[in-house]
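In what follows, a structure is listed as C-alpha cells, so that the remarks can point back to it.
The values are calculated or read from the model by the stated rules, or taken from the named source; none is laboratory data. Owing to the predicted nature of the structure, the values given are computational and were not obtained by experimental measurement. Note that we place each Cβ from the backbone using ideal geometry, even for glycine, and neighbour counts take in every protein chain shown. Just so you know, the surface numbers come from the protein's heavy atoms only, side chains and all, with ligands and any DNA or RNA stripped out. Shrake-Rupley method; radii C 1.70, N 1.55, O 1.52, S 1.80 Å.
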Amino acid sequence: MSWHPQYRSSKFRHVYGKAASKDKCYDCVPITRNVHDNHFCAVNPSFIAVVTECAGGGAFLVIPIKQTGKLDPHYPKVCGHKGNVLDIKWNPFNDFVIASCSEDATVKIWDIPNQLLKRNITTPKKELLGHARRVGLIEWHPTAGNILFSSGYDYKIMIWNLDVKDAVLSKPVKILDAHKDVVLSMSFNTDGSLLATACRDRKIRVIDPRSGTVLQEGSYKSHRVSKVLFLGNMKKLFSTGTSWWNNRQIALWDQNDLSVPLLEEDLDGSSGLLFPIYDSDTCMLYVVGKGDGNIRYYEISPEKPYLNYLMEYRSHLPQKGIGMMPKRGLDVAACEIFRFYKLIPTKSLIEPISMIVPRRSESYQADIYPLTAAAQPALTAQEWLNGINKGPLLVSLRPGSEAAKSLPQLLEPEPPMKVTDLSQQQGVQRRMSLEDKQNPREIEDGRKWLKVKERSPKNEQMCLSNGFDIFECPPPKTENELLQMYYRQQEEIRRLRELVIQRDVQIKQLELELRNLCMDSSNY
C-alpha cells in the first residue's frame, strides 16, 4: 500500500484573503435588489460597473476604479433599458466598451468615455434585437474580437458579430437551439472553440458554437447543476449545484464523458447559489457563496484527487454579487494573485478583497505570475466565424514590461549581419536600449545585429542573462519561444541599466572623496 503525504507542496498553500480598508471601498452605492442569479458586477483596470436600482427601467453605474469612498447620490447612470438589467460584461479587449442585457429582451453595447461621467448615458453604441423573451446571460468570446454570446428565456443562445457597422442588429450570425429550458450558465474553453452550458433541465452540455452540434450531454441524478465552468486546458468541467437533500454541492467532470462526475462533494446546507471562478494562470479555483460572506479556494491538479482544498475566506457581511479584476489590474508588488469586488447591499458597499501569497521579498515574483492573457484579440470576428481557433495572446505582468499591450509576432529567420567595428556595435546596443519600448521586430533585428562572429570575453559576459547565453540558443520556432527570448533580452537590458546606474553612483562617490582629499591637502 502506497503512502501519501498528509500535506502536499504548493506555493499557494498559504494564500489568504485581505479586505480593503474603508477608504478604499466604494460606499453609498445603490446596489440592485434583483433576485436574478448573476454577478451584477463587472471590473476592469479602468472601471467598476455595478447594476443599480432605478425607477422606470434598468440602469447600472460605471465608476472609475480609483474613485473610492462615498459615491455622489446624483452620480450619472447608464440607463437605456426599459426593464431591469440582468447582466453586464466588459469587453476583454477594450476597457471602454461594456455590454448589458435586460428583461426588455435586448442586449446593448455602450461606449464609456475616458473622463468622469457628467450626465446619464442613454444612447447605446449598438442594440441587439433577436430574443423573444428576457435575456439573462451575456459572454464575450475569450480570443476573438467583437464576438458576443447572449442567452435568453426563449431557450436560445445567439452569437453576434459586432464588427458590422449597423447600430441596430436584428439577425445574429448563429442561433444555438439545443436547449429545452432556460440556460443558467455559459463558459468557454481557453481558445473559445467549445462552449459549456448548464440548463434548468439539470443537464450539462458541451457544444461546438460554430456548428451548433452538442458534443457531450449528461446529467447526474444526485446533482442538480446551476453553474458550470471550463477548467482551462485540463479538459475538465467544474459545476456547482444542489444535492437531493438541497445541500450545496460541487462536482468535477471529464470534458469527454459527462455520464458520471469524477468527484462530487457536499459543502453545506445553505440555500444561496455558488459562483465558481477559475484562474488558469495559478490553477486555483474560487467558490463564492451568494448570501454568505465566504470564499472557498482550491488548487486544481490533473491527477487524483484533482481538487485540493486550500483555505476559506470568511466574513460576516453577506455578498449578493461579485466582480473579478483581470490579471493586468493586480498589484504584483504586494504578491496579489486575484482580487474580488464584493457587493454588500445591506450596507450599500462594494468591498475589494485581495488574495495574497505571503512573501517577504518585495521584488517581482515570477513564479506566481506566469504569462497571462493579453488585452488584445488573437483573432478577428470573421476569422473565428470561418473556423480558425487560436489561444489567447500572452503577456508578462512584470512592472515596466512594455509587452503588456502587444505580443511579438513570429519572424522569419534572416542571415545574421556581421559587425566588426566595436564602436558600431556599441551604437547598436545604445539604439536597442532606447527602442526596446517600440516594435518587437526592431528588438529582434537588434538582436541579430549583435550576433557577431567573434566576440571578446567582455562581450561574452554581457550576453549572459542568469547564466543563459541568449545568442547561442537556436532561433525561436514558435510564438512562445520568441516571447521567452524577448523577455530574456528585456531582463538583460534592465540588468545592464541597473549596473550602469550603480557604476555612476560609485563614480560620484569617488569624485566626492577625491575632492575631500584635495581640500584636506590644501589646508595643510
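Taken per residue, the accessible surface of region 93-158 reaches 38 Å², heavy atoms only and a 1.4 Å probe.
Take region 168-242 with all the other protein chains still there, run a 1.4 Å probe, and you get 40 Å² of accessible area per residue. Scattering from region 16-386 was approximated by placing one identical point on each alpha carbon and applying the Debye formula without solvent; log10 I(q)/I(0) at 0.07, 0.13 1/Å stands at -0.29, -1.09.
Taken about its Cα centre, region 117-239 carries a charge dipole of about 380 debye when Lys and Arg each add +1 at the Cβ and Asp and Glu each add -1 at the Cβ. Counting only protein heavy atoms and a probe of 1.4 Å, the accessible surface of region 34-75 is 53% carbon and sulfur. Shown for region 141-256: the carbon plus sulfur share of the solvent-accessible area, taken with all protein chains present and a 1.4 angstrom probe, equals 46%.
Packing order of peptides 31-37, 158-164, highest average first: 158-164, 31-37 (average count of other Cβ atoms within 10 Å over each peptide's residues). Annotation: amide H-H contacts under 5 Å for M311 (H modelled 1.01 Å from N, sequence separation of 5 or more, or interchain): Y297.
What region 318-376 shows is 36 Å² of accessible area per residue, with the surface traced by a 1.4 Å probe over protein heavy atoms. Among the listed pairs K236/K290; K11/K89; K18/K347, a Cα-Cα separation exceeding 21 Å is found for K236/K290; K11/K89.
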